[in-house]
2 protein chains.
Amino acid sequence: MKAQNTQTFNSDDFAQWPGRYRANLLNKVSGFKSAHLVGTANPQGQHNLAMFNSIVHVGANPPYIGFVLRPRTVPRHTFSNILETKYYTLNQVHQGIFKQAHQTSAKYDQGISEFSATGLTPGFWEDFYAPFVKESHIKMGLEFEEYHEIKANDTLFVVGKLVMLSLPSDVVNEDGHLDLASLNTVAIGGLDSYYQTSLLETLPYAQP
Amino acid sequence: MKAQNTQTFNSDDFAQWPGRYRANLLNKVSGFKSAHLVGTANPQGQHNLAMFNSIVHVGANPPYIGFVLRPRTVPRHTFSNILETKYYTLNQVHQGIFKQAHQTSAKYDQGISEFSATGLTPGFWEDFYAPFVKESHIKMGLEFEEYHEIKANDTLFVVGKLVMLSLPSDVVNEDGHLDLASLNTVAIGGLDSYYQTSLLETLPYAQP
């Protein structure tokens, strides 16, 4: 990209933008996110699947993963299922399923599973309550650990411990590196723009 | 990618992996992240710049952004500067600066600014204490809002309110959409693998 003029906005500008313009732009300025389907089941065994773009790495040993959740909007059932059953899955979205994954964000009637509504297939590990998505290349099983209420806007930061991990054979090298592009993993901009990627470079540990 | 065999691992396996293998793999399985440089200044005005891959969208109206920080490891000064001065910047990393951005993670001696060490240029908005990175295409100024201690592993989730936003003219469409690929914004896998992207599709709001 060539150098070009810069625009600068402040809080007063944000407040005056039309709601949809503000939501689209402010979801996108914070950069690429991962796209994951969160799989849960309620205590009666009904499956739920919801799209999240806010998964972050919290630690590797032991492994913890966090995500931001808006309890008062869509998705409605994910958090209550996590609290009641303690288990959930994170299923990485790739190019072959991104349209079905996006479709899980539609407001289906009570009693309709997003799995059957979108044609994705629930799968199970032995002794793990929540369903994973069979079509995902990387499937993670988490045990709920803690949540924090963000006072600023009543969202939640939910942290779980990674206890199960399924991934294709022969995609991890001897140093533990995994090329997400080779799995066709998508990156997401905001809530709706899906991107394919290609590796620029893996850089060595930086030294002064 | 063709269907292929799947491997499944559990907590016992994770604990037995060599440390570096575990860190590499478990940083990468949670998918693409954004790469941002966090710019701060200490009360004496010395600048600090540190790379983070854990930025998440917390809200759009008013706009809040969060990130995960490990206070007991690198980067050492970012959190204390945020607490003492209340202001920080998030500067999006693009293909033209990803090597310099990665280099900020080296452990420089006290008194050396990562700006001068890596050749990036500090810039300032009027009445905003923390420096931004002039070379970034998207520069965000945040006011510290709150932090939460993750009990599981003593990391922190830091939330700030977006109060300043600079971006190139003519990159936002009338609906507020911004194509991150057109800005050469990179996505990051784990802590070291940088990716370029291209837009697959922007999908409409999902309906049942």
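The values are calculated or read from the model by the stated rules, or taken from the named source; none is laboratory data. Worth saying up front: this structure is predicted, and the values here are computed from it rather than measured. A quick note on method: Cβ atoms are made from the backbone with ideal geometry, for glycine too, and the neighbour counts reach across all protein chains shown. Just so you know, the surface numbers come from the protein's heavy atoms only, side chains and all, with ligands and any DNA or RNA stripped out. Shrake-Rupley method; radii C 1.70, N 1.55, O 1.52, S 1.80 Å.
Sorted from shortest to longest, the distances between the A:THR8 label points of this copy and the other copies are 5.5 nm, with each point 7 Å from Cα along the line through the beta carbon.
Each copy carries a label point for A:ASN42 at 7 Å from Cα along the beta-carbon vector; from one copy to the others these points are 5.5 nm apart, nearest first.
Annotation: amide H-H contacts under 5 Å for A:ILE150 (H modelled 1.01 Å from N, sequence separation of 5 or more, or interchain): A:THR155, A:LEU156, A:PHE157. Give me the distance between the Cα centres of the range B:143-180 and the range B:48-118, rounded to whole Å. Between the Cα centres of the range B:143-180 and the range B:48-118 lies a distance of 12 Å. Normalised by 2.2 N^0.38 Å, where N is the number of residues, the C-alpha radius of gyration of the protein assembly as shown stands at 0.93. Note that the range B:111-128 has calculated 3J(HN,Hα) couplings of x, 9, 7, 5, 4, 5, 5, 10, x, 8, 10, x, x, 9, 8, 4, 6, 10 Hz, one per residue in order, obtained from phi through the Karplus relation 6.51 cos²θ - 1.76 cosθ + 1.60 (θ = phi - 60°); glycine and proline are x. Karplus-derived 3J(HN,Hα) values for the range A:40-51, using 6.51 cos²θ - 1.76 cosθ + 1.60 with θ = phi - 60°, are 9, 9, 7, x, 8, x, 6, 7, 9, 9, 9, 8 Hz; glycine and proline are entered as x.
Quick one: plug the Kirkwood hydrodynamic radius of the range A:56-166 (C-alpha pairs) into Stokes-Einstein at 20 °C, 1.002 mPa s, and report D in µm²/s.
D, rounded to a whole number, is 144 µm²/s.
Distances between placed amide hydrogens fall under 5 Å for A:GLN7 paired with B:LEU167, B:SER169, all partners being 5 or more residues away or on another chain. Taking all protein chains into account, the per residue accessible area for the protein assembly as shown stands at 41 Å² (1.4 Å probe).
Could you compute the FRET efficiency for B:LEU199 and B:TYR21, with r as their C-beta to C-beta distance and R0 at 35 Å, rounded to 0.05? Using R0 = 35 Å, I get an efficiency of 0.55.
Checking the cross-link pairs A:LYS151/B:LYS139; A:LYS28/A:LYS161; A:LYS28/A:LYS86; A:LYS99/A:LYS134; A:LYS86/B:LYS28 against a 22 Å limit on the alpha carbon distance flags A:LYS151/B:LYS139; A:LYS28/A:LYS161; A:LYS28/A:LYS86; A:LYS86/B:LYS28 as lying beyond it.
Chain A packed on chain B takes about 9500 Å² of accessible surface away from a 1.4 Å probe, both sides summed. For A:VAL163, the amide hydrogen comes within under 5 Å of the amide hydrogens of A:GLY141, A:LEU142, A:GLU143, counting only partners 5 or more places away or on other chains and with H modelled in the peptide plane.
For the range B:169-181, putting each phi into the Karplus relation 6.51 cos²θ - 1.76 cosθ + 1.60 with θ = phi - 60° gives couplings of 5, 6, 10, 10, 8, 5, 8, x, 7, 9, 8, 4, 5 Hz, in residue order, rounded to whole numbers and with x for Gly and Pro. Our summary of shape: the Cα atoms of chain B have principal axis extents of 57, 45, 32 Å, ordered from largest down, in whole angstrom. Using a label position 7 Å from Cα in the Cα→Cβ direction, what is the ascending list of nm distances from B:LYS86 to the same site in the other copies? Listed shortest first, these distances are 4.3 nm.
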